[in-house]
Amino acid sequence: MQFPRVASFVEIDREAVGWNARVFRDVLGPAVRLGGVLKGNAYGHGFAEVLPLAHAACDVLYVIDPRDALAVRAWEQSAAAPRRQVLVLGAVAPEEAVELARASVEVVLTDPGQAAFVPALRAAGAVLRAHLHLDTGLGREGFTPGQLPTEAAWLSAARDVIQIAGALSHFANTEDVTEQTYAAQQLAAFDEGVARLRSTLSLEGALERHIAASAAALLLPRARYDAVRIGISLYGRWPANETRHSARALLGKVPELRPALSWRCPVQLTKWLPAGSYVGYGCTYRCPADTRIAVLPVGYYDGYPRLLSSRAHVLIEGRRCPLLGRVMMNHLVVDVTRASPAAPAVATLLGRDGDEQLTADQLAGWAQTINYEIVTRLGSHLRRVVI
C-alpha cells in the first residue's frame with residue numbers, strides 16, 4: 001500500500017518494550033509469569049507492530065478480541081515462533097469459543113449465559129480452557145464470591161468440554177491513590193472467591209491466579225500471585241503519578257520506564273500572516289504581530305484531542321511551537337516564528353525532539369483526560385513504523 005507523502009505517522013521503539021518488560025521481571029522475580037496486554041490496538045501502538053515485540057518479551061499475551069487471539073496464532077505459525085499462552089479477556093460468542101478451543105486459546109468466563117458454550121463445544125468435540133472472573137469490587141464482569149455456588153454451578157456438568165485453568169479479577173483503585181485499603185479488601189475477596197470456586201466445582205490441582213495490572217504488580221507484592229497483566233507500563237507509561245510516588249516509597253527508587261511511542265508528522269506548509277489575522281474556525285485566535293505559521297496535516301480525526309485547542313504545543317527542530325486556534329478535523333496550525341523550520345521539517349506531536357519532550361501525561365493534562373486515552377485513541381489508520 002502506498003501512503004501519502006504528507007501524513008502523520010507513529011514510531012514504535014523496538015527496544016523500549018523489551019526494556020519495560022525486563023523492569024517488571026526484575027521486580028517480580030522468576031516465580032511470577034509476565035503477561036503483556038495487547039488490547040486497544042496494543043494501547044494505540046499498533047497490534048501487528050507490537051505483537052512480535054511483546055511475544056518475545058512476555059510469557060502470556062492478553063487480548064480483548066477473539067480475532068486478535070487467532071491473529072497471534074497465525075503470526076506464530078508464519079514466523080515459526082513458539083506458542084505463547086493466549087487469553088481472551090473480552091466477550092466471546094459460542095461459535096468463537098469453538099474456534100478458540102481448536103487454537104488452544106483460553107477464555108474468561110464472566111456470567112451464567114456462557115453456558116451456551118457447552119452444546120457448541122460438544123457438537124464440535126472441542127475442549128476449552130477457561131479462567132473464571134471474580135468480581136471483587138470493580139462492579140463490572142464476573143461472579144461475586146457469593147454468587148459462585150449458584151451461578152457457576154453449571155460448570156460442574158461441563159467438565160467434559162470446559163477445563164477451569166485459572167481465576168482472575170481486576171482492581172478498581174490501585175493506580176491513583178497512595179494508600180491501598182480498598183485493594184486489600186479486594187485481595188481478601190479474591191482469596192475467598194478462589195476458595196469458593198474450588199469448593200463449588202470440587203477442583204483439585206493448581207489454578208493460575210492473576211489480578212495485578214501495572215500498578216499493583218509494582219506496589220502490592222501480595223497481589224502478584226502466579227501471573228501479572230502489564231498494560232500501559234509495557235509501553236513505558238505510568239498508570240498515574242501516584243503510582244510513581246508509591247513505587248519510590250516501596251522500591252526505594254522509581255523504575256525507569258521507556259515510552260515506546262512517538263507521533264510525528266511532516267510540515268505541510270509554512271507562510272506569514274500579518275498582524276491582526278485570525279487563525280482557524282471560530283476566529284478564536286488573532287495574531288498580535290506578524291506571525292509565521294505552519295500547517296500540520298493532523299487533527300481530531302487522527303486522535304489529536306480537540307480540547308488541546310490553543311493549549312498545547314508541538315516540537316519542531318527542538319523548539320516548542322504553540323498551537324494556534326482550534327484543532328480541526330485534519331489540520332493543526334502552529335506558530336513557528338521562532339522555530340523557522342527548514343523544508344522539509346517534521347513536527348513532533350508526542351515524543352522527544354532534541355532536548356525537548358512532549359509526554360502523554362502532558363497532553364492528557366491539557367486535554368483533561370488520562371495518558372491511556374491519549375495513546376489508545378490514535379487512529380488505527382495511521383502508519384506505524386518500528387524503529
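Here each label is just a point 7 Å from Cα along the line to Cβ, and for residue 258 and residue 81 those points are 1.9 nm apart. Rounded to two decimals, the Cα radius of gyration of segment 1-129 over 2.2 N^0.38 Å is 1.21. For q = 0.15 Å⁻¹, what log10 I(q)/I(0) does segment 185-323 give under the Debye formula with an equal point scatterer on each alpha carbon and no solvent? Taking Cα atoms of segment 185-323 as identical point scatterers yields -0.90.
Roll a 1.4 Å probe over the protein chains and send me the accessible area per residue for the chain in Å².
Accessible area per residue, the chain: 44 Å².
Backbone phi angles across segment 271-287, fed through the Karplus curve with coefficients 6.51, -1.76 and 1.60 (θ = phi - 60°), yield HN-Hα couplings of 6, 9, 10, x, 3, x, 6, 8, 10, x, 5, x, 6, 7, 10, 10, 5 Hz in residue order; Gly and Pro are listed as x. When each of the peptides 179-187, 228-236 is scored by how many other beta carbons lie within 10 Å of its residues on average, the order from highest to lowest is 228-236, 179-187. Between amide H atoms placed 1.01 Å from N, distances below 5 Å from residue 163 occur with 128, 129, 130, all of them 5 or more places distant or on a separate chain. A crude spin-label estimate for the pair residue 368 and residue 202, with each label 7 Å from Cα along the Cβ direction, gives 5.8 nm. Computed from the C-beta positions of residue 144 and residue 116 and an R0 of 22 Å, the FRET efficiency is 0.55 to the nearest 0.05.
With a simple spin-label model that places each label point 7 Å from the Cα along the Cα-to-Cβ direction, the separation between residue 268 and residue 311 comes to 2.3 nm. The Rg/Rh ratio of segment 13-70, with both radii computed over alpha carbons and Rh defined as the Kirkwood radius, is 0.97.
If only the Cβ of Lys and Arg carry +1 and only the Cβ of Asp and Glu carry -1, the dipole of the chain around its Cα centre is close to 880 debye. Here is the tail figure for segment 63-142: Cα pairs spaced more than 22 Å apart come to 26 percent of all pairs.
At R0 = 56 Å, how high is the FRET efficiency between residue 173 and residue 342 if r is their beta carbon distance? Nearest 0.05 is fine. Efficiency, from the Cβ-Cβ distance: 0.70. Here segment 195-334 has 50 percent of its accessible surface on carbon and sulfur atoms, given a 1.4 Å probe and all protein chains in place.
The values are calculated or read from the model by the stated rules, or taken from the named source; none is laboratory data. A quick note: this is a predicted structure, and the numbers were derived from the prediction, not measured. With ideal geometry, Cβ positions are generated from the backbone for all residues, glycine too; neighbour counts draw on all protein chains shown. Note: accessible area is taken over every heavy atom of the protein model, side chains too, but ligands, DNA and RNA are not part of it. Shrake-Rupley method; radii C 1.70, N 1.55, O 1.52, S 1.80 Å.
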